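The values are calculated or read from the model by the stated rules, or taken from the named source; none is laboratory data. All figures in this text were calculated on a predicted structure; none of them were measured in a lab. All Cβ positions, even for glycine, are placed from backbone atoms using ideal geometry, and neighbour counts span all protein chains on display.
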Amino acid sequence: MISSNTNNVTNITYISLVIATAALVLAYSLNGLWFYAALIVPLGLFWLAGIWRNKQEVNLAGLLVFVGLAAYGAQVQAAALWLLAAIVFSLIAWDLGEFRYHMTQVDASDNSEQLQAAHLKRLGMTSMVGLLAGSVALGLQITLTFGWAVLLGLLMAVSLNRLIRLVRRGQK
């Protein structure tokens, strides 16, 4: 059963999924791909029903389908800013769907509201940084050789590894 403590999470999850669906529909519609735009709405509704029924498998499948549709949209030159918004809001919906599921699997505790608030704060900051960085990246065009691309990829992997270690150390 969903507790009242997860109402905010549930509402934000649904709103994020509606925004993700609308952004994908808009990206495809602006490119004249009406068939795909029409197909996205029932997929979004199916994902929404899966989250409502607390089905983790549907939640993951919804994320994969929406990210795949955004990737295909980039391939066919759909509106990139709307695709970026669709991906970010899909990730928010997926993350909160998972969080909501896990909150229903544990006993209600005194700190569940604090846990929810902290999760929403971190997710909000991460999402804003993702939208901002993605928007900036859409405006930049940099030509790299393969060697530089590999070097930057390795640098990102090492940096991400260090960040994960720092976060884990801070949680202990």
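Does the stretch 42-60 include one or more residues that are out of contact with any strand residue (DSSP E or B) (no Cβ under 8 Å at 6 or more places or on another chain), closer than 24 Å to Leu138 by Cα, of a type outside the set (S, T, N, Q) and outside any loop (DSSP other than H, G, I, E, B)? Reasoning before the result, please.
Initially, the stretch 42-60 is screened for residues out of contact with any strand residue (DSSP E or B) (no Cβ under 8 Å at 6 or more places or on another chain), giving 42-60.
Applying the additional criterion that residues be closer than 24 Å to Leu138 by Cα yields none.
No; the residues of the stretch 42-60 include none that is out of contact with any strand residue (DSSP E or B) (no Cβ under 8 Å at 6 or more places or on another chain), closer than 24 Å to Leu138 by Cα, of a type outside the set (S, T, N, Q) and outside any loop (DSSP other than H, G, I, E, B).
Only one of Asn54, Asn31 is over 19 Å from Ile12 (Cβ atoms), touching a residue at least 24 places away in the same chain (Cβ under 8 Å) and not aliphatic (A, V, I, L, M). Can you tell me which? That would be Asn31, the only listed residue that is over 19 Å from Ile12 (Cβ atoms), touching a residue at least 24 places away in the same chain (Cβ under 8 Å) and not aliphatic (A, V, I, L, M).
The test for being buried (at least 20 other Cβ atoms within 10 Å of the Cβ), touching a helix residue (DSSP H, G or I) at 6+ places or on another chain (Cβ under 8 Å) and at pLDDT below 95 does not hold for Thr104.
In summary, Ala137 fulfils each of the numbered conditions (1) in a helix (DSSP H, G or I); (2) surrounded by fewer than 10 Cβ atoms within 10 Å (Cβ to Cβ) with the single exception of condition (2).
Each row is one residue, and each column tells you yes or no for (1) hydrophobic (A, V, I, L, M, F, W, C); (2) within 13 Å of the chain's Cα centre (by Cα); (3) outside the structural domain of Ile40 (by TED's automatic domain parsing).
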residue: Ala85; (1), (2), (3): yes, yes, no
residue: Trp94; (1), (2), (3): yes, yes, no
residue: His102; (1), (2), (3): no, no, no
residue: Asp107; (1), (2), (3): no, no, no
residue: Leu115; (1), (2), (3): yes, no, no
residue: Lys121; (1), (2), (3): no, no, no
residue: Gly124; (1), (2), (3): no, yes, no
residue: Ser127; (1), (2), (3): no, yes, no
residue: Gly130; (1), (2), (3): no, yes, no
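Table: residues versus (1) farther than 29 Å from Ser112 by Cα; (2) in contact with a Leu (Cβ under 8 Å, 6 or more places away or on another chain).
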| position | (1), (2) |
| --- | --- |
| Asn11 | no, no |
| Leu33 | yes, no |
| Leu39 | yes, no |
| Arg53 | no, no |
| Val58 | no, no |
| Gly62 | no, yes |
| Trp82 | yes, yes |
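Using the structure shown, decide if Val67 is under 17 Å from Ala27 (Cβ atoms) and among the aliphatic types (A, V, I, L, M). So Val67 passes the test.
Being surrounded by 19 or more Cβ atoms within 10 Å (Cβ to Cβ) and in a helix (DSSP H, G or I) is the filter here; which residues of the stretch 69-87 pass it? Steps first, please.
First pass over the stretch 69-87, keeping only residues surrounded by 19 or more Cβ atoms within 10 Å (Cβ to Cβ): 69-70, 73, 78, 82-87.
Answer for the stretch 69-87, where residues must be surrounded by 19 or more Cβ atoms within 10 Å (Cβ to Cβ) and in a helix (DSSP H, G or I): Leu69, Ala70, Gly73, Trp82, Leu83, Leu84, Ala85, Ala86, Ile87.
Criterion applied to Leu43, Leu64, Leu26 was being at pLDDT 90 or above and surrounded by fewer than 16 Cβ atoms within 10 Å (Cβ to Cβ), and the one residue passing it is Leu64.
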